[in-house]
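Note sheet for the following structure.
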Amino acid sequence: MRWMDAAIAAGAVPAAFVPEASLGRTDLTTVTGADLVEGERLRALPVGAAVGPPGPAAFLDGIQYWAVTGYDGVTPIVRAYVAAAIRRRGPDRRLHTVAEAIREIGITCRAALSPAVRNALARFEVDLIDLPVAEASQPGRLLAAAHVQVDRAREQIERDLAEPYVASMGKEEWLVVDGLLSDTVALARHPRAVGVVKSHGAQYFEGEDLVTALTLAQGHRTSVFRPRGHRHQPVFSWYLRLWPWQGNDLHYGLLRVEAQAAEDTVARASALSAWLLGERAPLSTPDARWDRLLYPIYEVEAYLKSRAPGDLLPLPGARLPRTGT
Amino acid sequence: MILRPDTDPVGRVVATELKPATPHQFHFWTATETTIGIGTIVKVEAAGRGEPGEGRVVYGVVTDAYAYSDLATPLHDVVGAEGDPARAAEAPTARQEIRLWTAAVLRQIPEEPLQPVPLGRVFVASDADVAQALRMDAYLSGATPTAIPIGLYSSGGLEAPVYLDADFLLGPEAAHLNISGVSGLATKTSAVEFLLGAVFQHFPRHKGRIAAVCFNVKGPDLCFLDQPGALTDEDRARYERLHVVPQAFSPVHYFAPFKADGVNLNTLRTHPGLVETVEPLVWGLGEVLDFAEVLLNRDDIDAKADAFIDFLSDRVLNREFEDGFGGTHRVQTFADLERLFRAIFDGLELSGRSDMWRTHHIATIRKVRNRLGNVSTRCKGLVTDDGAANDLPWGRFEDRAVYVIDLANVDPLGQDLVFARVVSKLREHLEKRALGVDAVAVFVDELNKYAPADGPETYVKKMLLDISERGRYLGLVLFGAEQFRSQVHRRVVGNAATQVFGRMDSDELATPSYQVLSPATKIKLATLPVGELMVRHPHFTQPIFVRFPRPPVLRGRDGVERFPPAADLPFEEAVVRQLVRLDRRVKPNVVRDLIADREEDDVRRALGATRRERPADVVAFFRRVLGARVGPESPRERAVVPPLNPLSEEPY
């Protein structure tokens with residue numbers, strides 16, 4: 001990366017601190033509650049046998065990597081890489097990339113840099129996110145702010161891909177998104193867009209309803225509900241158990257599905273669930289999240305990872321100790 | 001010609017710590033559907049400007065292949081299909097899978113410094129690439145090209161000619177060709193026939209004249225080399241691609257010994273339309289005695305027998321010789337020799353002297369007599385008692401001619417003898433540059449029989465070793481074939497600079513000789529289709545698979561059907577035919593009258609002399625040699641006692 005080299009030449013100290021990468025979307029972290037839209041109370045409903053997809057399907061996922069690649073004094077200079085892709089499943093049952101976007105960015109607080117380093121960065125057309133001075137008072141604060149910026153950048157390119165794609169989708173075509181659907185207006189309103197959420201930091205129920213939701217048997221879903229107090233677009237949602245959780249964990253094999261907030265969604269929640277149940281195979285091993293990670297999403301992620309710059313990827317078998325941890 | 005533009009890469013080199021690219025090997029992946037296969041030649045170029053390895057071009061041949069998916073363990077497939085194999089195929093998404101290929105480096109440009117293969121784009125090799133990859137460019141063009149086509153390298157329906165270097169096939173840089181493969185499927189004989197045709201058409205004029213001597217040791221394999229065979233359009237296209245004219249060999253000279261009757265030829269080429277082109281191969285005592293060592297088995301080899309044979313050759317054969325018992329002998333034939341032996345045994349017995357004759361023990365003499373007598377019995381038809389030999393035209397070999405010696409039905413001892421003598425004479429004449437040609441390719445099938453990896457050190461084996469190790473300097477080149485290479489003496493196969501493999505037996509491939517081949521290459525060899533060969537040649541750093549067209553000559557089996565062998569002729573008719581062959585004007589009835597009531601041995605002797613002399617007036621010469629008819633003695637008139645007067649019936 002030439003701009004980073006220039007910064008180092010101007011006095012910045014090289015670094016190689018790779019924070020825990022956020023490979024997928026994070027779910028909400030607060031208990032917001034939900035409004036039931038199917039039935040009088042939250043119930044566990046069998047979805048029936050797994051079935052094939054209702055039509056041609058495409059899958060959207062994004063990745064993000066970032067690392068501190070230098071310090072000027074105690075001000076971190078962060079290099080980030082975000083990418084997203086939509087891969088469509090063809091008649092040969094294989095995925096083919098139909099849309100892809102990447103962005104490489106630098107994140108720091110320009111005002112906190114020395115003039116020499118600042119001038120060095122200025123000489124290059126760096127896609128730089130300049131954080132406010134207040135965020136640079138401590139290295140840790142700047143990193144937290146950088147993390148937010150990386151998340152946003154990744155979400156943005158996902159939106160940039162998704163919006164034109166759903167606008168051009170055929171009548172029978174579906175788009176499955178890894179994570180929240182409600183981030184994007186076009187997705188949240190599209191009748192054939194489905195969000196698949198693997199992490200369950202957010203809780204929508206308490207008491208018996210929570211028990212019902214988290215102890216679903218395999219092949220069952222909950223009644224459809226509307227997440228309350230959602231920050232973004234309104235959507236309908238339900239939980240779906242892909243694999244039996246007994247002997248593992250409450251979240252084992254548990255997905256939360258998001259779809260358009262419409263009556264049709266309630267009518268076809270079971271059919272969509274049966275389809276997602278069918279997407280369990282092939283298993284997305286060796287990924288540790290295979291109990292919830294649909295194979296096509298896993299494959300989009302693998303595709304994106306294969307194209308990511310190698311120096312930002314965490315090396316699983318690195319022989320040298322990681323620095324800066 | 002491979003016309004497909006090489007602008008579209010078919011693969012990309014990948015390297016990991018476990019599977020790195022090295023100067024001699026690299027790995028690349030392709031689309032799942034690809035024309036790449038084991039044996040495909042590929043070209044690697046650095047991916048782009050400024051990338052490592054820019055400007056370096058590497059040629060390789062695919063030696064191994066792998067396919068795998070991202071499945072971590074087979075158990076995960078079971079889990080995903082919930083234990084039902086039928087459901088495994090119902091998964092909505094097919095797993096990611098890879099076609100990963102291993103290739104051995106054929107050539108790097110530039111050659112120095114030798115570096116690991118760049119992680120670049122992989123292309124299917126074009127015609128020019130194949131020539132570069134196999135280093136054929138060095139001998140394909142220039143002022144004195146020495147390229148000889150061996151077949152077409154094929155990949156994905158595309159074909160490129162592959163050439164051998166005559167300097168390394170026929171000497172002097174290296175020489176000899178060895179071809180292995182299972183009977184019937186490896187098409188060894190067809191391959192040699194095609195190659196000989198290619199050699200005759202492409203052997204560079206500046207290298208001189210060349211001929212081939214072929215030993216036909218089984219069936220009618222080589223009996224119809226002068227007859228055109230059927231070719232398909234595909235074959236013709238291949239010939240055109242290889243710049244070889246598909247034509248039968250011409251001239252072809254056939255030689256075969258007689259059968260035991262001494263007049264009918266011991267060959268399957270006895271159809272009336274062809275038999276006249278077969279020359280009898282007949283040797284006398286002199287020809288045999290020179291190679292008497294061939295006749296001795298391992299137990300016989302002792303200095304005493306050797307010394308006695310040398311004595312016979314040097315002091316007895318073709319000269320006046322006194323036996324020491326008052327007799328004088330001029331030994332020219334087996335019959336003369338037998339008379340000498342009898343005289344010696346009788347003389348020793350009658351004189352009551354010791355068991356020694358001229359420092360040779362009588363037991364040694366008996367042994368040699370036994371062995372020499374044995375050959376005249378077992379090889380009756382090849383060896384004549386009267387010394388009238390008919391041999392190959394030593395000193396008058398023709399350029400681009402094939403000399404076929406049919407030994408298919410000859411006793412193994414006789415085969416050894418013929419083989420040893422012919423090859424020795426070839427060597428002798430080539431050493432003197434007096435054969436008529438500058439180089440001779442000797443085709444020997446069933447090499448494992450003549451030069452076995454184990455077994456006794458026979459004369460034939462020693463001679464084959466000698467040719468293998470020194471023949472290239474003389475222009476004496478061995479084209480050997482066998483089913484199992486591992487059963488041939490390793491120095492004989494090891495000295496063959498060009499090695500060709502047809503369909504191989506799996507057990508044979510498991511022997512140490514094939515350790516250098518990858519498992520995939522071995523599998524390909526074990527399933528090689530008819531007409532496809534794997535070739536190793538000094539210029540090729542890796543074995544290359546080629547296809548060759550069907551030879552343009554009649555196959556042995558087809559030849560026998562089209563030209564069925566004639567039944568043996570009665571003695572008289574056989575003699576007539578041979579004399580007519582020498583002179584068309586010979587009248588059969590005259591010959592029949594001449595030989596009527598004559599001893600067959602006398603007739604054979606006269607026939608042999610006539611054949612050797614080839615006089616202008618065949619009948620006159622034959623009559624003279626046969627000698628005047630000794631007419632049957634007319635019955636002597638018996639002196640008859642005149643009868644008495646008729647008896648009177650009257651009693652008184």
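Please treat every number below as a calculation from the coordinates, not as lab data. Being a predicted model, the structure only gives us computed values, none of them experimental. A quick note on method: Cβ atoms are made from the backbone with ideal geometry, for glycine too, and the neighbour counts reach across all protein chains shown.
With unit charges on the beta carbons (Lys and Arg positive, Asp and Glu negative) and the dipole taken about the Cα centre of the range B:168-289, which residue among B:HIS206, B:TYR254, B:ASN266 sits farthest to the positive side?
Working it through, the farthest residue towards the positive pole turns out to be B:HIS206.
Given the rule -39500 (n - 2.57) for each run of at least 4 DSSP H residues, summed and divided by the residues of chain A, what is its mean residue ellipticity at 222 nm, to the nearest 500 deg cm²/dmol? Intermediate values should be presented prior to the final figure.
Working: 8 runs with 86 residues, N = 325.
Calculated from helices alone, the mean residue ellipticity at 222 nm is -8000 deg cm²/dmol.
Between B:ASP454 and B:ALA567, 0.36 nm times their residue separation minus their Cα-Cα distance comes to what?
Working: separation 113, 0.36 × 113 = 40.68 nm, distance 4.01 nm.
Working it through step by step, the gained length comes to 36.7 nm.
Going by C-beta contacts inside 10 Å, put B:HIS539, A:HIS96 in order with the fewest on the left. Write down the numbers at each step before the final one.
Numbers: B:HIS539 19, A:HIS96 11.
So the residues, fewest neighbours to most, are A:HIS96, B:HIS539.
Could you check the simple spin-label distance between A:ARG43 and A:ALA167, using points 7 Å along Cα→Cβ, in nm with one decimal?
Placing both labels 7 Å beyond Cα along the Cβ direction yields 4.2 nm.
In what order do A:ILE105, B:ILE98 fall by count of nearby beta-carbon atoms within 10 Å, going from fewest to most?
With the fewest neighbours first, A:ILE105, B:ILE98 line up as B:ILE98, A:ILE105.
Please list, in order along the range A:106-118, the HN-Hα scalar couplings obtained from phi with the Karplus expression 6.51 cos²θ - 1.76 cosθ + 1.60 (θ = phi - 60°), rounded to whole Hz, x for Gly and Pro.
Result, ordered by residue: x, 10, 6, 10, 4, 5, 8, 7, 5, x, 5, 5, 4 Hz.
Calculate, for A:LEU313 and A:GLU208, the FRET efficiency according to 1/(1 + (r/R0)^6) with r their C-beta to C-beta distance and R0 41 Å; round to the nearest 0.05.
Details: r = 45 Å, r/R0 = 1.09.
For R0 = 41 Å, the calculated efficiency reads 0.40.
When the dipole is taken about the Cα centre of the protein assembly as shown, and only Lys, Arg (+1) and Asp, Glu (-1) are charged at their Cβ, what size is it in debye, to the nearest 20? Mind showing how you got there, number by number?
Values: 114 positive and 127 negative charges, 238 e Å.
Roughly 1140 debye for the protein assembly as shown.
Which value in nm describes the separation of the simple spin-label points at B:ASP507 and B:ILE523, placed 7 Å from the Cα toward the beta carbon?
2.3
Leaving out same-chain residues fewer than 8 places away, which aspartates and glutamates sit with a Cα under 16 Å from that of B:LYS522?
B:ASP64, B:ASP505, B:ASP507, B:GLU508, B:GLU532
Where the centre of each part is set by its Cα atoms, how far does the range B:592-627 sit from the range B:58-87, in angstrom?
Between the Cα centres of the range B:592-627 and the range B:58-87 lies a distance of 81 Å.
Can you compute the FRET efficiency between B:VAL580 and B:ALA260 using 1/(1 + (r/R0)^6), with r the Cβ-Cβ distance and R0 = 30 Å? Round to the nearest 0.05. Write out the running numbers ahead of the final one.
Numbers: r = 23 Å, r/R0 = 0.75.
Efficiency, from the Cβ-Cβ distance: 0.85.
Taking a cut-off of 25 Å between Cα atoms, list the lysines near B:LYS380, but don't count ones fewer than 8 places away on the same chain.
B:LYS218, B:LYS259, B:LYS367, B:LYS425, B:LYS449, B:LYS461
Explain nothing, just the number: relative contact order of the range B:569-626, from Cα pairs under 8 Å at least 6 residues apart, as a whole percent. If you can, show how the numbers build up before the last one.
Numbers: 39 pairs, mean separation 20.6, N = 58.
Relative contact order, the range B:569-626: 35 percent.
Give the residue from B:PRO456, B:ALA439, B:VAL402 lying farthest towards the positive end of the charge dipole for the range B:394-463; charges sit on Cβ (+1 for Lys and Arg, -1 for Asp and Glu) and the dipole is referred to the Cα centre.
Highest projection toward the positive end goes to B:ALA439.
Just how large is the dipole of the range B:286-378 about the Cα centre, in debye to the nearest 20, putting +1 at every Lys and Arg Cβ and -1 at every Asp and Glu Cβ? Show your work: numbers first, answer last.
Numbers: 14 positive and 17 negative charges, 42 e Å.
Dipole about the Cα centre, nearest 20: 200 debye.
Rounded to the nearest 0.05, what FRET efficiency do B:ALA230 and B:HIS271 have when you use their Cβ-Cβ distance and R0 = 22 Å?
On the way: r = 18 Å, r/R0 = 0.83.
Given R0 = 22 Å and the Cβ-Cβ separation, E is 0.75.
Taking Cα pairs under 8 Å and at least six residues apart, what relative contact order does the range B:286-378 come out at, in percent?
Relative contact order here is 28 percent.
Between B:GLU446 and A:ILE102, what is the label-to-label distance in nm when each label sits 7 Å out along the Cα-to-Cβ direction?
Label-label distance for B:GLU446 and A:ILE102, simple model: 6.8 nm.
Enter the Cα centre distance for the pair the range B:262-332 and the range B:89-109, rounded to the nearest angstrom.
Centre-to-centre (Cα) distance: 66 Å.
Count, for each residue of A:47-56, the Cβ atoms from other chains sitting within 10 Å of its Cβ, then give me the mean as a whole number.
Working: counts 0, 0, 0, 4, 1, 3, 2, 0, 0, 0.
Shielding by partners across A:47-56 averages 1.
Measure out, as a whole number of angstrom, how far apart the alpha-carbon centroids of the range A:100-174 and the range A:33-94 sit.
Their Cα centres are 19 Å away from one another.
With 10 angstrom as the radius, rank B:CYS214, B:CYS223 by how many other C-beta atoms surround their C-beta, starting from the fewest.
Values: B:CYS214 26, B:CYS223 29.
Least to most surrounded, the residues fall as B:CYS214, B:CYS223.
At 0.36 nm per residue, minus the direct Cα-Cα distance, what do B:VAL530 and B:THR73 gain on full extension? Give it in nm, one decimal, please. If you can, show how the numbers build up before the last one.
Details: separation 457, 0.36 × 457 = 164.52 nm, distance 3.95 nm.
So the extension gain works out to 160.6 nm.
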